[in-house]
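Colleague: The structure under discussion is supplied below as structure tokens; questions concerning it will follow.
Please treat every number below as a calculation from the coordinates, not as lab data. Keep in mind it's a predicted model, so treat the numbers as computed, not measured. Here Cβ is always computed from backbone atoms with ideal geometry, including for glycine, and neighbour counts include all displayed protein chains.
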Amino acid sequence: MDKLSELQKLRLDFKPVLPSILKSPFSSIKPKAGKPTSSISDAAKLKEIFKYNFGKPVVTFAKGKNPSLNKKILKVGVVLSGGQAAGGHNVIAGLFDGLKKANKNNKLIGFLGGPSGIIDGKMVEITEKFIAGYRNTGGFDIIQSGRTKIETPEQFEKSKRTILSNKIDALVIVGGDDSNTNGAMLAEYFAAQKAPVQVIGVPKTIDGDLKNDMVETSFGFDTATKIYSELVGNICRDVNSARKYWHFIRLMGRSASHITLEVAFQTQPNIALIGEEVLERKMTLSQVVDTIVETILERADEGKNFGVCLVPEGLIEFIPEIKELIKKLNDLLATHEQQLRAIEQIHAKKDYVYKILEPRLAELMKSLPAAIENQLILDRDPHGNVMVSQIETEKLLVEMVEKKLRDMKKEGAFKGKFASITHFFGYEGRCGFPTNFDANYCYALGYNAVLLIANGMTGYMSSVRGLTKAPAQWIAGGVPLTMMMNIERRKGEDKPVIQKALVELDGKPFKAWSAMRKKLALEDNYLFPGPIQYYGPASVVDATTKTLRYERTAKE
């Protein structure tokens with residue numbers, strides 16, 4: 001039986017391209033520090049929390065003699081934290097190759113199963129033979145991932161014990177905003193404990209909500225959106241062929257609508273709901289349904305009883321009245337956690353929640369389908385928040401659209417037909433073979449992290465930017481984790497967190513979509529991106545996302 005597919009065999013031979021500066025000997029690369037930084041907001045509170053790491057400068061690597069570069073033998077640990085994203089294996093490959101370039105005796109240790117591997121001391125040494133079969137492949141299966149959060153004093157102490165007893169000099173945390181926030185807390189803890197351990201973060205999330213001027217995109221976003229775009233494009237072609245169904249497609253993206261916006265650019269559907277716009281316009285659930293119905297009616301008038309509607313998975317949380325309900329539930333269910341655990345029957349749990357909610361919010365909750373009510377109460381993530389990703393928003397919208405159209409039909413206001421099919425594209429996009437962009441980007445992020453460690457830095461995120469240019473022209477450096485932070489409510493308490501980057505309604509990407517969507521609503525200008533290409537013209541195989549191109553063109 002073959003252990004590798006033909007494509008996997010070929011991808012193992014792909015050679016990622018590094019930024020030119022990282023190809024130089026480490027002793028001829030010097031970090032250039034900018035001015036001291038602050039945070040996005042809440043600077044006074046964050047400075048108090050991060051006494052050792054707040055205010056550090058942004059760092060850029062450039063050519064220059066670096067005789068003080070730490071030449072001691074390094075032992076570096078790496079952990080994959082949170083959901084999978086294409087390219088994680090190349091981050092580890094970049095770390096490994098960078099460490100071996102610095103000193104052949106350096107070692108890379110992988111913690112197994114996510115952050116719990118640090119707490120429990122489960123690890124494996126990553127060798128050339130071990131990593132050879134994982135280069136340029138998708139998934140996190142090399143050391144697996146996990147969602148454990150290191151947050152209690154006991155967990156911090158166990159983590160320190162594991163790292164110090166194994167003589168690990170630095171820890172690289174590959175994760176999203178929550179994981180890297182955890183990394184910042186670990187960096188601060190080690191500094192306060194006078195433990196000689198550095199912590200470096202790597203930006204990972206397919207949702208695309210971990211970004212700023214120094215971190216232009218998180219890895220995995222490029223691959224995931226291209227995978228989803230292929231699937232949506234296939235559906236668009238089917239829609240245009242059969243011409244009898246409306247397809248409602250929910251896409252990954254709980255806290256931001258970046259994936260939906262990018263897939264909309266790639267496929268040009270009839271409707272793409274953007275959660276941030278819904279929030280800005282303070283739309284009710286009924287108003288969201290009305291906007292969908294309006295397009296259905298207009299198309300039906302032209303004899304087009306078909307179409308495609310994209311829905312971000314977190315849409316329901318962007319609706320102000322639902323957002324308020326969820327926020328209140330997050331606080332109340334954390335406060336009343338023990339009481340709710342003691343109640344076994346779901347109807348009794350709901351009755352209890354109705355009593356502790358404000359009357360108007362209780363009535364809103366009662367108006368939702370029973371399945372949605374149950375999810376709001378029962379399904380909680382590790383941080384105690386509603387698992388919005390589990391709410392089947394596309395089915396909720398279809399149910400409400402169908403009801404409205406039935407009522408309109410009785411009144412003679414709708415003479416068309418409406419038949420729907422729903423989809424959710426989520427896990428399909430997390431572990432695909434990384435695009436050439438993600439393969440290059442991830443390798444550079446890992447390799448760059450080694451330079452940050454070798455220069456004694458901690459509390460930083462690996463930053464590679466200038467990403468719309470060829471990889472050789474990318475700029476390498478580091479950004480302080482605290483620079484991206486603010487204070488938010490988590491489990492009823494104020495917590496420091498890296499702020500999520502939402503779709504900016506005054507940004508170039510959204511404005512571009514806004515300018516074209518009215519025409520796309522009525523016409524059938526679907527695009528069919530097809531599968532990811534790994535070989536061929538650079539304009540196809542190395543193309544970045546349209547979102548990134550819009551954003552960087554506006555800023556460069």
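Colleague: How large is ³J(HN,Hα) for each residue in region 173-189, as worked out from phi by the Karplus curve 6.51 cos²θ - 1.76 cosθ + 1.60 (θ = phi - 60°), to whole Hz, x for Gly and Pro?
Modeller: 9, 9, x, x, 5, 5, 5, 6, 4, 4, x, 5, 5, 5, 4, 5, 4
Colleague: Just the Kirkwood number for region 321-470, please: inverse of mean 1/r across all distinct Cα pairs, in Å, one decimal. It would help to have the intermediate numbers written out before the result.
Modeller: On the way: mean 1/r = 0.0494 Å⁻¹.
Mean inverse Cα-Cα distance, inverted, gives 20.3 Å.
Colleague: May I pose another question? Using a simple charge model, +1 on the beta-carbon of Lys and Arg, -1 on the beta-carbon of Asp and Glu, nothing else, what dipole does the chain show about its Cα centre, in debye to the nearest 20? Present the calculation step by step, with values, prior to reporting the outcome.
Modeller: Numbers: 78 positive and 64 negative charges, 385 e Å.
Charge dipole of the chain: 1840 debye, to the nearest 20.
Colleague: In addition: For A272, what residues show an amide H to amide H distance below 5 Å, using hydrogens built from the backbone and excluding near sequence neighbours?
Modeller: For A272, the qualifying residues are L310.
Colleague: Kindly identify region 504-556 as rounded, prolate or oblate by the Cα gyration tensor criterion: order the square roots of the eigenvalues as a ≥ b ≥ c, call it rounded if a/c is under 1.5, otherwise compare a/b with b/c, prolate if a/b is larger, else oblate.
Modeller: Oblate shape, in that a/c is at least 1.5 and b/c is the bigger or equal ratio.
Colleague: Convert each backbone phi in region 92-103 into a coupling constant with the Karplus relation 6.51 cos²θ - 1.76 cosθ + 1.60 (shift: θ = phi - 60°), then list the ³J(HN,Hα) values in order as whole Hz, x for Gly and Pro.
Modeller: Going residue by residue, I get 5, 5, x, 4, 4, 5, x, 5, 5, 5, 5, 6 Hz, with x marking Gly and Pro.
Colleague: A further question follows. For M123, list long-range residues whose amide hydrogen, built 1.01 Å from N in the peptide plane, is under 5 Å from its own amide hydrogen.
Modeller: Under 5 Å from the amide H of M123 lie the amide H atoms of L112, each far enough along the sequence or on another chain.
Colleague: List the GluC sites (Glu not before Pro) in region 450-539 that DSSP assigns to loop (not H, G, I, E or B) and whose Cβ has at most 16 other Cβ atoms within 10 Å. Which are they? Display every interim value, and only then the final one.
Modeller: Numbers: sites: E488, E493, E504, E523; in loops: E504, E523.
Sites meeting the loop and neighbour criteria: E504, E523.
Colleague: Further, regarding this structure: Taking 0.36 nm per residue of separation and subtracting the Cα-Cα distance, what length does fully extending D238 through K417 add? Could you put the intermediate results ahead of the total?
Modeller: Numbers: separation 179, 0.36 × 179 = 64.44 nm, distance 1.78 nm.
In short, 62.7 nm is gained.
Colleague: Can you give the log10 of the normalised intensity I(q)/I(0) at q = 0.10, 0.15, 0.24 Å⁻¹, computed with Debye over equal Cα scatterers of region 238-330?
Modeller: Computed log10 I(q)/I(0) values: -0.28, -0.61, -1.22.
Colleague: Give me, ordered by chain and number, the residues 5 or more places off E488 or on other chains with an amide H under 5 Å from its own placed amide H.
Modeller: Sorted by chain and number, the residues that satisfy this are K495, V497.
Colleague: When only Cα pairs under 8 Å and 6 or more residues apart are kept, what is the percent relative contact order across the chain? All intermediate terms of the calculation are to be shown ahead of the outcome.
Modeller: Numbers: 1130 pairs, mean separation 133.7, N = 556.
The value is 24 percent.
Colleague: Continuing with the same structure: Tell me, rounded to the nearest percent, the portion of alpha carbon pairs in region 315-390 spaced more than 18 Å apart. Don't jump to the answer; show the numbers that get you there.
Modeller: Details: 888 of 2850 pairs.
So the portion of pairs separated by more than 18 Å is 31 percent.
Colleague: Next question. Could you give P(r) for region 387-517, binned at 10 Å from zero, as whole percent values over all Cα-Cα pairs?
Modeller: Per 10 Å bin, starting at zero, the Cα-Cα P(r) for region 387-517 comes out as 9, 18, 29, 23, 12, 7, 2, 0 percent.
Colleague: Sorted by packing (mean other beta-carbon atoms within 10 Å per residue), highest first, where do 277-288, 333-344 land?
Modeller: Numbers: 277-288: 16.3, 333-344: 13.1.
Per-residue mean Cβ counts within 10 Å order the peptides as 277-288, 333-344.
Colleague: How do the peptides 406-413, 452-459 rank, highest first, by the average count of neighbouring beta carbon atoms within 10 Å per residue? Write down the numbers at each step before the final one.
Modeller: Values: 406-413: 10.8, 452-459: 22.9.
Averaged packing, sorted descending, gives the order 452-459, 406-413.
Colleague: Follow-up question, since we're still on this one. Which of the listed residues, I346, I109, S514, is farthest toward the dipole's positive end in the chain, when Lys, Arg count +1 and Asp, Glu count -1 at the beta-carbon?
Modeller: Towards the positive end, the residue furthest out is I109.
Colleague: Which one of V479, I356, Q198 is farthest out on the positive end of the charge dipole of the chain, using unit charges on Cβ (Lys, Arg +1; Asp, Glu -1) and the Cα centre as origin?
Modeller: The residue sitting farthest along the positive end of the dipole is Q198.
Colleague: Per 10 Å bin from zero, what fraction in whole % of the C-alpha pairs of the chain is there, up to the bin with the longest pair?
Modeller: 3, 17, 26, 25, 17, 8, 2, 0, 0
Colleague: Under the Karplus relation 6.51 cos²θ - 1.76 cosθ + 1.60, θ = phi - 60°, what is the ordered set of whole-Hz ³J(HN,Hα) values for region 408-423, x standing for Gly and Pro?
Modeller: Ordered by residue, 3J(HN,Hα) equals 5, 5, 4, 8, x, 8, 9, 10, x, 10, 9, 10, 10, 9, 10, 9 Hz.
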